[in-house]
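Peer 1: Have a look at this one.
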Amino acid sequence: AAGVIQSPRHLIKEKRETATLKCYPIPRHDTVYWYQQGPGQDPQFLISFYEKMQSDKGSIPDRFSAQQFSDYHSELNMSSLELGDSALYFCASSFPQGNTDTQYFGPGTRLTVL
Amino acid sequence: GNSVTQMEGPVTLSEEAFLTINCTYTATGYPSLFWYVQYPGEGLQLLLKATKADDKGSNKGFEATYRKETTSFHLEKGSVQVSDSAVYFCALRASGGTSYGKLTFGQGTILTVHP
């Protein structure tokens, strides 16, 4: 079965640079979530999109922005990178099924800021 | 706000031992509850879920029962294997009838199983 695809899998950037992370949801899934997992931490919700509209926002820095495109893939744009942005970034997708819908996670993008 | 609390780890067991990882939650209404597993260097995989009180989720020998009276969703397995070594996350998704509910995770429990 098709899974959530994230690219790149690994990314190394310098401080103050920008980064773009991409997420391709499971076919027919129209909802995308982004999470950030710091070293040894639990995943923290950043932002989500439903039918190409932002549906919820968590602890996402103003330096970060995201969008969902017409083909439902999503991109997380990160500017003015800081050392503390080094983390594993997960994308998850779901198909709305009311209270029973389940989020399926991609393998993550490991971002290292030097 | 919503929160999830897992038992402090790490947990170290011998193969074929019984496993319990405690999880309690705080949420309004009737959240859906999940256990995710993360193997070294990999993403999060859904292990099991329960969407209403008294539901039992099960998969690969793991079980968890949604107990609303104790606000708990403890993970159990009767006989662990070395291949079960991973980090286990309990998570909840708030209710409300929406399809775009974020997950709130517990802090994760590292399980190591020795031969």
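Peer 1: I'd like to check one number: the per residue accessible area of region B:13-88, probe 1.4 Å, reported in Å² as a whole number.
Peer 2: 46 Å²
Peer 1: Excluding residues fewer than 8 places away in the same chain, name every one of the aspartates and glutamates whose C-alpha is closer than 14 Å to that of A:K15.
Peer 2: A:E82, A:D85
Peer 1: Can you give me the % of accessible surface on region B:36-115 that is carbon or sulfur? Probe 1.4 Å, all protein chains present, nothing else counted. Intermediate values should be presented prior to the final figure.
Peer 2: Numbers: 1720 of 3430 Å².
The value for region B:36-115 is 50 percent carbon and sulfur by accessible area.
Peer 1: Strictly greater than 18 Å: what percent of every Cα pair in chain A meets that?
Peer 2: When every Cα pair of chain A is considered, 45 percent fall beyond 18 Å.
Peer 1: Which of rounded, prolate or oblate describes chain B when judged by the alpha-carbon gyration tensor and an a/c cut-off of 1.5?
Peer 2: Prolate is the answer for chain B, as a/c is 1.5 or above and a/b outweighs b/c.
Peer 1: Another question, then. Would you kindly calculate the translational diffusion coefficient of region B:56-115, applying Stokes-Einstein with the Kirkwood radius from alpha carbon pairs, for 25 °C and a viscosity of 0.890 mPa s, and quote it in µm² s⁻¹ without decimals?
Peer 2: 183 µm²/s
Peer 1: Setting aside same-chain residues fewer than 8 positions from B:K77, which lysines have a Cα under 26 Å from its Cα?
Peer 2: Within reach: B:K49, B:K52, B:K56, B:K60, B:K68.
Peer 1: Rg and Dmax of the protein assembly as shown over Cα atoms: what are they, in angstrom?
Peer 2: Here Rg and the maximum Cα pair distance are 17.5, 50 Å.
Peer 1: Let me confirm one metric for peptide B:80-91, namely the mean number of other chain beta-carbon atoms within 10 Å of its residues' beta-carbons.
Peer 2: 1
Peer 1: Could you state, as a whole-number percent, how many of the C-alpha pairs of region A:42-98 are farther apart than 15 Å? Let's see the in-between values first.
Peer 2: Working: 826 of 1596 pairs.
Percent of Cα pairs beyond 15 Å in region A:42-98: 52.
Peer 1: If you don't mind, another one. Which whole number gives the average count of other chain Cβ atoms within 10 Å of the Cβ atoms across peptide B:23-34?
Peer 2: Rounded to a whole number, the mean comes out at 1.
Peer 1: List, by residue number, every residue in region A:45-80 with a reduction of 10 Å² or greater in accessible area between the chain on its own and the complete protein assembly, 1.4 Å probe.
Peer 2: Checking the loss per residue gives A:F45, A:Y50, A:S55, A:D56.
The values are calculated or read from the model by the stated rules, or taken from the named source; none is laboratory data. The structure presented is a predicted model; accordingly, all values stated were derived computationally and were not measured. When we count neighbours, we look across all protein chains shown, and the Cβ atoms used for this are built from the backbone with ideal geometry, even at glycine. Areas reflect the complete protein model, heavy atoms only, side chains present, ligands, DNA and RNA absent. Shrake-Rupley method; radii C 1.70, N 1.55, O 1.52, S 1.80 Å.
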